[in-house]
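Peer 1: The structure's right below; bear with me while I get my questions together.
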Amino acid sequence: MSEKRKISTIPKGYSAKDTDERLEWLKETTGFDYNTNLENQPDELKGIIENHIGYMKVPMAIAGPLKIEGKYANGDIYVPICTLEGTLALSMTRGMIATHRSGGIRVSHIKQELSRAPVFIFDNLKKSADFMLWIDANFNKIKEVAESTTNYGKLLRVDQYPIQNFVVLDFILDTGNAAGQNMVTLAAKNACDYIKEKTGADFFLESGFNSDKKASARNMIMGRGHSVIAETTISHSVIRSVLDADIENLKKFQEIGPTTTRLAGTEGCHLHISNALTAIYLATGQDTACVAENSIGHYQIEPLEDEVKFRLTLPSLTVGTVGGGTRLSPQQQNLKLLGCDEGDDASKKFAEIICASALALEISLFSALASHTFTKAHMKYGR
């Protein structure tokens with residue numbers, strides 16, 4: 001796309017009139033007539049919450065336009081976000097505009113693998129070794145038993161990790177459009193009951209190895225949920241005009257990150273993936289506790305002659321477009337706004353949008369820190 005092409009920008013302002021103007025602008029720009037009065041009745045909340053007494057509303061904004069080119073997500077998209085952090089919506093939008101003017105963000109959905117990792121216990125090493133051979137020899141039957149609990153999940157493999165007198169079985173499933181936490185739990189439990197019946201080996205359903213809702217090296221390397229990579233190339237002129245950043249300072253700041261994050265013991269190297277994930281998760285009915293394990297990744301820039309490449313790898317996005325909080329009417333509406341409310345690959349499209357949005361926000365914050373405008377922006381919009 002030419003840098004000179006005019007982008008329809010989101011109207012700003014804090015008054016009720018400004019909010020109404022944004023809703024009208026959204027309708028004119030996307031054709032989507034947004035309903036701000038949706039709310040579920042208590043009897044619709046079974047499986048989502050217990051002891052329900054009401055709703056705690058969180059402010060919602062729109063960010064964009066996100067220009068994306070992926071296997072599943074393509075075109076201009078406006079992203080709904082919920083946050084209590086001033087500057088976040090404007091910062092994400094700034095990153096999206098900068099990437100839009102330079103051709104957009106390219107994304108690649110790598111895989112979708114959710115795991116549950118039970119552990120079997122033995123009193124000697126020979127029994128554990130024989131057990132591992134039995135698992136390999138009987139995989140097809142284990143797969144049949146596991147998949148009998150779901151209409152959509154597919155058991156891809158069972159990885160085995162022996163340690164001491166234990167054997168961890170990591171059940172890896174493709175969960176379709178569901179985030180799949182309950183799906184993998186039930187499938188693994190059914191399979192483990194079958195394994196115990198045939199081998200006599202005792203087990204606990206969760207060993208902790210799959211790092212459910214915990215940041216870990218395991219999930220950084222192997223992924224859990226959707227694994228996605230995003231990249232974009234931004235010209236020096238757009239970096240200066242939209243991001244208000246100095247190219248040399250971007251280069252210097254990039255050199256620091258890998259060293260200081262390693263000093264801190266951080267999993268991966270990035271600035272604040274959790275901000276983008278939490279904001280999108282709240283708006284779309286995801287399990288926000290999964291941000292603990294999902295906000296790991298690698299952010300990197302590659303300076304070129306007249307432009308800069310920006311990349312982000314998110315190996316662990318535990319998200320879905322059916323089930324759980326996606327059943328809530330406001331969240332369903334937001335998934336529809338994203339075009340992720342139907343289709344066999346809706347959750348993959350959603351994961352690509354999340355990764356691209358997170359990259360846009362990383363780029364904006366990275367530029368603000370490198371150009372020493374971070375504090376000024378927060379003093380203006382964040383208080």
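Peer 1: Among the residues of region 327-335, is there at least one that is within 19 Å of Ile105 (Cβ to Cβ), of a type in the set (S, T, N, Q), in contact with a Gly (Cβ under 7 Å, 6 or more places away or on another chain) and in contact (Cβ under 8 Å) with a residue 24 or more places away in the chain?
Peer 2: Within region 327-335, the subset within 19 Å of Ile105 (Cβ to Cβ) is none.
No: region 327-335 contains no residue that is within 19 Å of Ile105 (Cβ to Cβ), of a type in the set (S, T, N, Q), in contact with a Gly (Cβ under 7 Å, 6 or more places away or on another chain) and in contact (Cβ under 8 Å) with a residue 24 or more places away in the chain.
Peer 1: Here is a follow-up. When only residues in region 208-237 that are farther than 18 Å from His298 by Cα and at pLDDT below 95 count, which is nearest to the chain's Cα centre (by Cα)?
Peer 2: First, pick out the residues of region 208-237 that are farther than 18 Å from His298 by Cα: 208-213, 234-237.
Still in the list and also at pLDDT below 95: 208-213.
Details: Gly208: 21, Phe209: 20, Asn210: 17, Ser211: 16, Asp212: 14, Lys213: 13 Å.
Of everything passing the filter in region 208-237, Lys213 is nearest to the chain's Cα centre (by Cα).
Peer 1: When residues of region 165-183 are filtered for being touching a helix residue (DSSP H, G or I) at 6+ places or on another chain (Cβ under 9 Å) and either among the aliphatic types (A, V, I, L, M) or over 21 Å from Thr284 (Cβ atoms) (or both), how many remain?
Peer 2: So the count comes out to 10.
Peer 1: Another question, then. Determine which member of the set Thr87, Thr150 is of a type in the set (Val, Ile, Thr) and either at pLDDT 95 or above or farther than 30 Å from Asp244 by Cα (or both). So that I can check it myself, show each step before the final result.
Peer 2: Numbers: Thr87 fails: either at pLDDT 95 or above or farther than 30 Å from Asp244 by Cα (or both).
After applying the criteria, what remains is Thr150.
Peer 1: The conditions are (1) charged (D, E, K, R); (2) in contact with a strand residue (DSSP E or B) (Cβ under 6 Å, 6 or more places away or on another chain); (3) crowded, with 21+ Cβ neighbours inside 10 Å, and Glu69 fails exactly one of them. Which is it?
Peer 2: Condition not satisfied by Glu69: (3).
Peer 1: Take region 342-383 and flag every residue that is surrounded by fewer than 24 Cβ atoms within 10 Å (Cβ to Cβ) and of a type in the set (Asp, Glu).
Peer 2: Hits for region 342-383 are Glu342, Asp344, Asp345.
Peer 1: Pull up region 26-63, narrow it to residues that are charged (D, E, K, R) and loosely packed, with under 12 Cβ neighbours inside 10 Å, then point me to the one that is nearest to Leu88 (Cα to Cα).
Peer 2: Applying the filter and picking the extreme gives Lys57.
Peer 1: Within region 86-114, count every residue that is assigned to a helix (DSSP H, G or I) and closer than 21 Å to Leu271 by Cα.
Peer 2: Here is the first cut: in region 86-114, the residues assigned to a helix (DSSP H, G or I) are 88-100.
Imposing the further condition that a residue be closer than 21 Å to Leu271 by Cα reduces the set to 88-99.
So the answer is 12.
Peer 1: Test Ile247 against the criterion of being touching a helix residue (DSSP H, G or I) at 6+ places or on another chain (Cβ under 9 Å) and either more than 17 Å from Thr99 (Cα to Cα) or modelled with pLDDT under 95 (or both), and give yes or no.
Peer 2: Considered against the rule, which asks whether it is touching a helix residue (DSSP H, G or I) at 6+ places or on another chain (Cβ under 9 Å) and either more than 17 Å from Thr99 (Cα to Cα) or modelled with pLDDT under 95 (or both), Ile247 comes out as yes.
Peer 1: Can you confirm whether region 333-343 contains a residue that is of a type outside the set (A, V, I, L, M) and under 27 Å from Thr233 (Cα atoms)? It would help to see each step written out before you state the result.
Peer 2: From region 333-343, those of a type outside the set (A, V, I, L, M) are 333-334, 336, 339-343; that's our starting set.
When the remaining residues are screened for being under 27 Å from Thr233 (Cα atoms), the result is 339-340.
Scanning region 333-343 turns up at least one residue that is of a type outside the set (A, V, I, L, M) and under 27 Å from Thr233 (Cα atoms).
Peer 1: Among Gly320, Gly343, Gly324, which is the only one that is at positive phi and either within 18 Å of the chain's Cα centre (by Cα) or acidic (Asp, Glu) (or both)?
Peer 2: After applying the criteria, what remains is Gly324.
Peer 1: Further question: Would you check if Glu24 is in a helix (DSSP H, G or I) and more than 22 Å from the chain's Cα centre (by Cα)?
Peer 2: yes
Peer 1: Which of (1) closer than 25 Å to Lys348 by Cβ; (2) assigned to a loop (DSSP other than H, G, I, E, B); (3) among the basic types (Lys, Arg) is the odd one out, the single condition Lys57 does not satisfy?
Peer 2: Status for Lys57: all satisfied but (1).
Peer 1: For a quick check of your reading of the model, give me the residue pairs whose first member lies in region 78-96 and is of a type in the set (S, T, N, Q), whose second is part of a helix (DSSP H, G or I), with beta-carbon atoms closer than 7 Å and at least 6 apart or on different chains.
Peer 2: Every condition considered, the pairs that remain are Thr83/Ala89; Thr83/Ala279; Thr87/Ala377; Thr87/His378; Thr87/Tyr381; Ser91/Leu361; Ser91/Ser364; Ser91/Leu365.
Peer 1: Could you check region 122-218 for strands (runs of 3 or more DSSP E) lying wholly inside it with 2 or more residues that are among the basic types (Lys, Arg)? Break it down into steps so the answer makes sense when it comes.
Peer 2: Values: elements: 154-163, 166-174, 202-204.
Where strands (runs of 3 or more DSSP E) fall fully within region 122-218 and carry at least 2 residues being among the basic types (Lys, Arg), they are 154-163.
Peer 1: Another question, if that's okay. Exactly one condition in (1) under 21 Å from the mean Cα position of the chain (by Cα); (2) without any contact (Cβ under 8 Å) to a residue 40 or more places away in the chain is false for Tyr55; which is it?
Peer 2: (1)
The values are calculated or read from the model by the stated rules, or taken from the named source; none is laboratory data. Keep in mind the model is a prediction, meaning the values are calculated, not measured. Ideal geometry is used to build each Cβ from the backbone, glycine not excepted, and the neighbour counts take in all protein chains shown.
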